[in-house]
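Engineer: I am attaching a structure below and will ask some questions about it afterwards.
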Amino acid sequence: MIGKLNHVAIAVPDLDEAAALYRQTLGAQVSDPKPQPEHGVKVVFIELENTKIELLHPLGDKSPIAGFLEKNPTGGIHHVCYEVDDIHAAAAKMKLDGKKVLGDIKIGAHGKPVIFLHPKDFNGTLVELEQA
Ligand code: CO
């Protein structure tokens, strides 16, 4: 069912520092920081040949990243995102298989429909499925 790895999202305590690390030390193509207030994050996008890395930093009071950074003060992998053809079919399959879908289908950071799956069902990893 899942296709390509769309992105790996990494929560970071200092966005400029993390962007510089990828730009200068790793020599990657790094975007300017982009605020996404509707998602409670500021994001730096890193384009790799085969996938993307998203550096996430909390934005606003109710950021979903804030708690994660409290537990992981140096940052860490927050979620991985796999592409699917049909988000409704994917959500239905997850529920049928007894996997916990967090919330409803919503429009994600790339303007495409996404769902999130609980880490307890996926080896401790928060999984995002995105309709490609
Ligand atoms: Co994501």
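Engineer: Output the pairs from LYS34/LYS95; LYS42/LYS71; LYS34/LYS100; LYS71/LYS106; LYS71/LYS112 with a Cα-Cα distance over 24 Å in this structure; if there are none, say none. Let's see the in-between values first.
Structural biologist: Values: LYS34/LYS95 33 Å; LYS42/LYS71 19 Å; LYS34/LYS100 30 Å; LYS71/LYS106 26 Å; LYS71/LYS112 29 Å.
Beyond 24 Å: LYS34/LYS95; LYS34/LYS100; LYS71/LYS106; LYS71/LYS112.
Engineer: Also, quick follow-up: Using DSSP to call loops (not H, G, I, E or B), can you name the GluC sites (Glu not before Pro) in region 23-67 whose Cβ has at most 15 other Cβ atoms within 10 angstrom?
Structural biologist: Values: sites: GLU38, GLU47, GLU49, GLU54; in loops: GLU49.
Qualifying residues, ordered by number: GLU49.
Engineer: May I ask you to list the aspartates and glutamates whose Cα is less than 12 Å away from that of LYS62, ignoring any residue fewer than eight positions away on the same chain?
Structural biologist: GLU38
Engineer: Next question, about the same structure. Give me the dipole magnitude in Debye, nearest 20, for the chain about the Cα centre, with unit charges on the beta carbon: positive for Lys and Arg, negative for Asp and Glu.
Structural biologist: Values: 14 positive and 18 negative charges, 71 e Å.
Magnitude of the dipole: close to 340 debye.
Engineer: For the chain, evaluate the Debye formula with one uniform point scatterer on each Cα (no solvent term) and list log10 I(q)/I(0) at q = 0.09, 0.11, 0.14, 0.18 Å⁻¹, rounded to two decimals.
Structural biologist: Treating every Cα as an identical point scatterer, log10 I(q)/I(0) equals -0.26, -0.39, -0.63, -1.03.
Engineer: A further question on this structure: Using a Förster radius of 35 Å, what is the FRET efficiency between GLU70 and ASP97 based on their Cβ-Cβ separation? Nearest 0.05, please.
Structural biologist: Values: r = 31 Å, r/R0 = 0.90.
The calculated FRET efficiency here is 0.65.
Engineer: Alpha carbon centre of region 1-25 versus region 66-130: separation in Å?
Structural biologist: 17
Engineer: Of all DSSP beta bridges located in the chain, what percent are antiparallel, nearest 5? Intermediate results must be reported in sequence, preceding the final value.
Structural biologist: On the way: 26 of 36 bridges.
If we restrict to bridges inside the chain, about 70 percent are antiparallel.
Engineer: Which order do the peptides 120-131, 64-75, 7-18 come out in when sorted by mean C-beta neighbours inside 10 angstrom, highest first? Spell out each step's value before the answer.
Structural biologist: On the way: 120-131: 15.9, 64-75: 13.9, 7-18: 18.1.
Going from most to least packed, we get 7-18, 120-131, 64-75.
Engineer: Using Cα pairs closer than 8 Å and at least 6 residues apart in sequence, work out the relative contact order for region 7-132, in percent. Before the final figure, lay out each step's value.
Structural biologist: On the way: 248 pairs, mean separation 29.0, N = 126.
Worked out over region 7-132, it gives 23 percent.
Computed from the coordinates by the stated procedures, all read-outs in this text should not be read as laboratory data. For clarity, every value in this text was computed on a predicted model and none was experimentally measured. Every residue, glycine among them, receives a Cβ derived from its backbone with ideal geometry; neighbour counts consider all protein chains shown.
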